[in-house]
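Visitor: There's a structure below that I have some questions on.
The values are calculated or read from the model by the stated rules, or taken from the named source; none is laboratory data. None of the values given here were measured: they were computed from a predicted structure. All Cβ positions, even for glycine, are placed from backbone atoms using ideal geometry, and neighbour counts span all protein chains on display.
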Amino acid sequence: MKNVLKILGLVGKIFLYILIVSGSLLSLATAYIVLAPDDLPKPYHLSYLYPTPTPVLAVEVIEATPEPEKEEILPGQGVMIDTGTKIINLAEPNGRKYIRINVVVEFAPPEPEEEAKPAPAAEGEGAAVEDPAVTALTTEVNARLPMVNDTVITLLSSKTFEDLYTSTGKEALRGELMQKLQAMLPDYKIIGVYFTEFVVE
């Protein structure tokens, strides 16, 4: 029993020495990290955050004049260009199916220039007033009408009777036409494509 007590006393002394040495080393390391200059190598550096007053800047408040909101152009408010009636053979095996179609393309009206003033089309009371920007748009689109017609004919000649005879097919055709025509005329915004005649036989 005395041997066990001696061994326990020896273990206790060793544990006490280890505790004292590790505490001393920890205190020395803490003192080194806190007190040694930052130029010396350290496992990590302390950073001190002191409250600093935030500078108050004098800012001149300038009231911005709000830009006038652009009115959304609804279908029917744009410039209508009639491409004319076309009779086109469909992509059928026997080649006997065809479509008679009239396509009207609606473009967003151009922004009126401040300097340009609408000029009266004819003299007298109640004369219609023509906007030069709309006239320019109509002239430029009419000049490109052969390209528009070619796009319509090429697209329709690739369709079959089954593609077109349902209302879903007609809406899909309208979307494809808008996409292709908008890509061909990127300077003008197309807001609608209308079929004023649509007969598949």
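Visitor: Search region 73-87 for residues being under 31 Å from the mean Cα position of the chain (by Cα) and assigned to a strand (DSSP E or B), and hand back the single one that is surrounded by the fewest Cβ atoms within 10 Å (Cβ to Cβ).
Guide: M80
Visitor: Next up: Hey, among T160, T154, T138, which residue is touching a residue at least 24 places away in the same chain (Cβ under 8 Å) and under 19 Å from R96 (Cα atoms)?
Guide: T160
Visitor: Take A133 and tell me if it is surrounded by 14 or more Cβ atoms within 10 Å (Cβ to Cβ), without any contact (Cβ under 8 Å) to a residue 40 or more places away in the chain and of a type in the set (A, V, I, L, M, F, W, C).
Guide: Here the answer is yes, as A133 does meet what is asked.
Visitor: Scan region 130-169 for residues that are among the charged types (D, E, K, R) and within 25 Å of V200 (Cβ to Cβ) and jot them down.
Guide: D150, K159, E162, D163 - these are the residues of region 130-169 that are among the charged types (D, E, K, R) and within 25 Å of V200 (Cβ to Cβ).
Visitor: So, in region 125-137, of the ones that are under 39 Å from the mean Cα position of the chain (by Cα) and among the small types (G, A, S), which residue ends up modelled with the highest pLDDT?
Guide: Filtering first and then ranking leaves A136.
Visitor: Among the residues of region 102-124, is any farther than 20 Å from G192 by Cα and modelled with pLDDT of 75 or more?
Guide: No - not one qualifying residue is present in region 102-124.
Visitor: Which residue is surrounded by the most Cβ atoms within 10 Å (Cβ to Cβ), if the candidates are limited to region 149-189 and must be touching a Gly at 6+ places or on another chain (Cβ under 9 Å) and at pLDDT below 90?
Guide: This residue is K159.
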